[in-house]
Amino acid sequence: MQAETPPFWWRPRGWQARLLSPAAAAYARAARWRLDHGERAALDLPVLCVGNFTVGGGGKTPTALAIGAAAQAMGHRPGFLSRGYGRASGGALLVDPAHHTAATVGDEPLLLAALAPTAVAVDRKRGAALLREAGCDLVIMDDGFQSARLAIDYALIVIDAGRGLGNGAVLPAGPLRAAVGDQIRHADALLVVGKGAAGDTAIRLTARAGKPVFEADLLPRAPERLAGRRVLAFAGIADPDKFYRSLRRLGATVVATRDFPDHHVFSDEVLGELAEESERDGLQLVTTRKDAVRLEGGGAAARAFLASVEVLEVELRFSPDSLGARFVRDAFAGYRRRVFG
C-alpha cells in the first residue's frame, strides 16, 4: 500500500520543503544521471511510454487506455506494460482478469487488462517479452519514464491541469520525480488533462523547450445516474479531491467523504463503518473504478459491500479525437528511426 503524499507538497514551499532541500538536491542529481545515462534495453517492438512529472494522480492509466483503444481501431495489437505497484506476485506475469486480483497484480494492471494483454514486471524487458509472445505489436508503458529501463520510441508526459507540479520541488521535498527541465529533455510531448491554472508552469516550460502540448479531458460515463443524489464518496487514489469535484459537477450532493491512501486495501472493519454511515444518514456510497477493482478481489465481504456502491466510470477523450492515433503513429515512426536510423 502506498502512503499518502504529504500535504505540503501541494502548497507553496514552506519550511518542510526547505528542510528537505539537501536530500531533494541529491535525489535530483541521481534522477538526472539515470535519465541521461540509464542502460535502456532496446526492444524489437515500438515502445510508447505514458508518464508523469510527479508522483501519482496525473491520469496516466486513462491516457494509456485511450491510446490502446486508438491503436486497436487502427488495426494494431497493443499490449500494456506496468510494474504492478503493491502486487503480491513476483517476477514477470501476464495478467489474467478472470483469475488475478488487485492484490496479486495491482489495481491499474487489472483496468488495463480489460482492454488488451497486460504484463506486470519490475524487469520491463521481461514483461515486454511476454507481450510479444501474446502477439502484441506495440508496447504501451503505464509509467516507467524516469526508471530509464527501456529504450522509448515516444514519451508522452501527462499532467493534471488542476493539480500541476505541486510546490515544484523534487522528492522528498515535493512531488517531482526529477527536475522538470531534465524530464522535458527526454519527453516528446505533454498532454494536459482537464482545465486549471496549476498546469501553466509545465505548459510554459514544455513549449519553451520546443515540445508540443496537447489537451484531453477525463469525462464520466452515464453521469445522469448520480445527478441529484446525496452521496458518501470514498476513494483510495492519489488525488481523491479530483474525484469529489467530478461528482459535484455531475450534480451529486457530496454530503460526506472518506480519503484513503493510493492503492489502499480496505479492511472489513472499514467497509462496515462506511456501510453503517451511509445507512444511518441515507447516503448513496460512491467510489472510483480503481477502488472497485480492489474491492472485487477483496473477498466475500468486500464483494457484498460493492454491490451497494455506485462506481463512477470515466474515460479520457483527446481534443481532437485523432490525437490517440497520432501518438501511435509517432511511436511507430520513432521505432523505425531507432532501428533503421
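Taking amide H as placed 1.01 Å from N in the peptide plane, Leu138 has its amide H under 5 Å from the amide H of Arg77, Gly79, each at least 5 places away in sequence or on another chain.
The modelled label-to-label distance for the pair Arg126/Ala222, using points 7 Å beyond Cα in the direction of Cβ, is 4.0 nm.
Each of Glu315 and Trp33 was given a label point 7 Å from its Cα along the Cα-to-Cβ line. The distance between the two points is 4.6 nm. Each Lys and Arg Cβ is given +1 and each Asp and Glu Cβ -1; about its Cα centre, the chain then shows a dipole of about 1300 debye. Placing unit charges on the Cβ atoms only, positive for Lys and Arg and negative for Asp and Glu, gives segment 21-103 a dipole magnitude near 220 debye about its Cα centre. Listed from fewest to most Cβ neighbours within 10 Å, the set Trp33, Trp10 follows the order Trp33, Trp10. The residue among Ala121, Gly90, Trp33 whose Cα reaches farthest toward the positive pole of the charge dipole of the chain, with charges on the beta-carbon of Lys, Arg, Asp and Glu, is Trp33.
Close amide H contacts of Ala41 (hydrogens built in the peptide plane, cut-off under 5 Å, sequence separation of 5 or more or a different chain): Leu150, Ala151.
Multiplying each eigenvalue of the alpha-carbon gyration tensor of segment 218-259 by 5 and taking the square root yields semi-axes of 16, 13, 7 Å, largest first, rounded to whole angstroms. Treating r as the C-beta distance of Met74 and Ala151 and R0 as 25 Å, the FRET efficiency rounds to 0.65. Sequentially through segment 267-273, phi angles give Karplus couplings (6.51, -1.76, 1.60; θ = phi - 60°) of 7, 4, 5, 5, 4, x, 5 Hz, Gly and Pro residues having no value and appearing as x.
Selection among Gly75, Gly59, Ala24 by position relative to the dipole of segment 13-79 gives Ala24 as farthest towards the positive end (Cβ unit charges, Cα centre).
Computed from backbone phi, the HN-Hα couplings of segment 247-260 come to 4, 5, 5, 7, x, 6, 9, 7, 7, 8, 9, 9, 9, 9 Hz, rounded to whole numbers (Karplus: 6.51 cos²θ - 1.76 cosθ + 1.60, θ = phi - 60°; Gly and Pro given as x).
Under a 5 Å amide H cut-off, with hydrogens placed 1.01 Å from N, Gly297 pairs with Ala102 among residues at least 5 apart or on other chains. If the segment from Leu19 to Arg329 were pulled out straight at 0.36 nm per residue, it would be longer than the present Cα-Cα gap by 107.1 nm. When the charge dipole of segment 180-292 is built from unit charges on Cβ atoms (+1 for Lys and Arg, -1 for Asp and Glu) and taken about the Cα centre, the candidate among Val193, Phe266, Gly210 whose Cα reaches farthest toward its positive end is Gly210. The residues Met141, Met74, when put in order of fewest to most other Cβ atoms within 10 Å, stand as Met74, Met141.
Bear in mind these aren't lab numbers, they're just calculated from the coordinates by the rules spelled out. Bear in mind that the values here come from a model prediction, so they are computed numbers and not experimental data. FYI the Cβ positions are ideal-geometry reconstructions off the backbone, even for glycines, and counts take in every protein chain you see.
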